[in-house]
Amino acid sequence: MSIENDPKGLDALETGMRVETPDKDLGETDVSQPRVKEVIRDREGAVAKIIIQKGAIFKKELEVPADRIQEIITPDTLHQAGQVVLDINEQEADALNVHGIEEIEDEQTHQDSLLEDSEKNIPTTEGIRAMEAYSSLEEHEEQEEGAESQQNASAESQKSSSWLRLIGPGFISGMAGNDSSAVASYSVDGAQVGLGHLWLLLLSTPLYQAVQYSCAKVGRITQKGFAEVLRENYGRSGASLASLALIIANVALITADLVAIGSGFQLLTTMSWVWFTVPIAVILWYLTVFSNFDKLKKVFIVMSLAFIVYIVTDILARPDWIAILTSTVVPHIDMTYASISSAVALLGATISPYNIFWQVQGEKEERRQGTLKQKLRTAALDVGIGVVSGNMVAYFIIICTATTLYTHHKAITTAADAAIALVSVLGPVAKYLFAIGLIGSGLVAIPVLLASTSYAVAGTFGWPSGLSKKPWQSEGFYLILTGALVLSLFLALLHLDPIQLILWANIISGILAPVLIVYLILVGNNRKIMKKQGFSWLLNICLGTTFVIMVAAAILFFYSLATGRS
């Protein structure tokens, strides 16, 4: 075929060629790359369409007409396999299904679709005349009544939607901190130390707010994940260290949450928790990989209401509120191993590594309205609601177990022991409420833990990431997620002591979190990264204080272990 008849050089098409789009919407930078699987020709031998395949595990095939091919780059030293550039935009890529074979529209149909969409947004002359004629038939009073009711409905709708917009990554990370393992850790803290750590929880609240807002600011300004920011500015080794700290902490927490969810089902059915871990893992994997995360977000908001039972229990138990308020504002330091280990676990359950990665990525993907200043203000409010709500729940959990189990010298060795704190006040039904809360919090926390793990590793290697991406677009991201879940499931099935596993998972988080806080301070004060939006002196003081407190707690913990106080 002559060059005039084949200006794009379609005759050079071969199977195995790499495929790219202008905005890299097919996962071109992923661990697996889209390639030409088959070249289909018509009767005359001309290229009619090509079949693209993406993914090794999460496979996807696309039939692309020849007129959607922009350019053919023949094999050379730079492009050893050759390259095909396709005219496919972001909207088309986002509209594709999770799996299966799909056909891309030809150029003419695609242009017609774009024109049709444009015409829908531009009223025609006939349309304007029709609207004017219709409006002239309405009485003036009816128009006023209709306009007034419409304004009221619009105001109510805007008010409702504005509140819904506040429920973003800040609220989710703040409340997801109260996952199954955290609830168990707070319960153990109250049972072991009584009211002794309420002051520490109060102190951690503004510090937690500072950490989460710092993460949100980094995500909003850079529009990149935390690991991606570290890799681009501090090298892959720097990003790898942060990712390793996160992976260790997250795998421990996911394992603990799987065991905690199973323990919740054990309370409901009296069957061993071991029988529930595999089905739970499979269901959560499917929901995280193939479902819309917005649906999980709505489920989480509903499930989080189960924690109200602790507030009700504390009110009905009529505890000594003077002693509670005194313990909240007056520090009490106990150098016993039980107290120190519980303190580290409390800090790890509150200021956890996964929340740092999750908040940066979540703010990056969150669509907020207004100027940059307004977006940051909304993010601060979102984070504040999540932090206060999450720590308030933790506060009442500690009070509940302190005033029931600690006062009667009862230790927590199983989930049933933790439920006794509620049963003694609310009766047998409390056991089931506790089980539902344990299950619900874990079901949504695990996807967050898995996603933050994947964000870290994918960002370190420069792979596309995000729950908004389909599995075949971000195969590396979802393979990491799958691998972390499989490893956690394996550890959960080793039949380790559930309560000790949960406690140690949060202790590990408390020990590793300061590493990420150092990275956060470095990023927030780097003008190259943050431009003119660097961290304020107050934010730096809060982050520095958080680092010092968590490091001091970790040093005391290791000292207790070394001296045999455990």
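Given a 1.4 angstrom probe, what's the average accessible area per residue across segment 166-561, in square angstrom?
On a per-residue basis, 38 Å².
When D106, D382 are compared by accessible area at a 1.4 angstrom probe, the order from most to least is D106, D382. Once the chain from Q111 to W537 is taken as fully extended at 0.36 nm per residue, the excess over their C-alpha distance is 148.1 nm. Sorting R18, R527, R220 by accessible area puts them as R527, R18, R220; the probe is 1.4 Å, largest comes first, and only protein heavy atoms count.
Centre-to-centre separation between the Cα atoms of segment 47-66 and those of segment 327-358: 52 Å. Charge dipole of segment 166-561 (Cα centre as origin; +1 on each Lys and Arg Cβ, -1 on each Asp and Glu Cβ, all else neutral): 1480 debye, rounded to the nearest 20. Of the residues I261, M550, S452, the one whose Cα sits farthest towards the positive end of the charge dipole of segment 166-561 is S452 (charges of +1 on Lys and Arg Cβ, -1 on Asp and Glu Cβ, taken about the Cα centre). Accessible surface for F461 stands near 100 Å², nearest 10, in the context of the full protein assembly shown (1.4 Å probe). Note on N526 and Y559: the model spin-label points, each 7 Å out from Cα along the C-beta direction, lie 3.4 nm apart. Note on D11 and A48: the extension gain reaches 12.2 nm, defined as 0.36 nm multiplied by sequence separation minus the Cα-Cα distance.
DSSP beta bridges fully contained in segment 10-93 are about 85 percent antiparallel. Using the Cβ of L267 as centre and a radius below 14 Å, the other residues enclosed give a net charge of 0, where K and R count +1 and D and E count -1. Across the options L516, I398, A345, the greatest Cα extent toward the positive end of the charge dipole of segment 166-561 (unit charges at beta carbon of Lys, Arg, Asp, Glu) belongs to L516. Ordered by 1.4 Å accessible area with all protein chains kept, T350, T222, T326 run largest first as T326, T222, T350. For the pair V330 and L494, label points projected 7 Å from Cα toward Cβ lie 4.3 nm apart. Counting only Cβ charges, +1 for Lys and Arg and -1 for Asp and Glu, the dipole size of segment 10-93 around its Cα centre is about 380 debye. Taking only protein heavy atoms and a 1.4 Å probe, the accessible area of segment 166-561 is 70% carbon and sulfur.
Projecting the Cα atoms of T74, T21, P34 onto the charge dipole of segment 10-93 (Cβ charges, centred on the Cα centre) puts P34 farthest toward the positive pole. Averaging the Cα positions of each part gives two centres, and for segment 233-283 and segment 530-566 these lie 25 Å apart.
When the solvent-accessible area of segment 10-93 is split by element, carbon and sulfur atoms take up 45 percent of it, the probe being 1.4 Å. Each residue was assigned an accessible area with a 1.4 Å probe, and for I412 the value is about 20 Å².
The values are calculated or read from the model by the stated rules, or taken from the named source; none is laboratory data. All values derive from a computational prediction rather than experimental measurement. A quick note on method: Cβ atoms are made from the backbone with ideal geometry, for glycine too, and the neighbour counts reach across all protein chains shown. The area values use the complete protein model at the heavy-atom level, side chains included, leaving out ligands, DNA and RNA. Shrake-Rupley method; radii C 1.70, N 1.55, O 1.52, S 1.80 Å.
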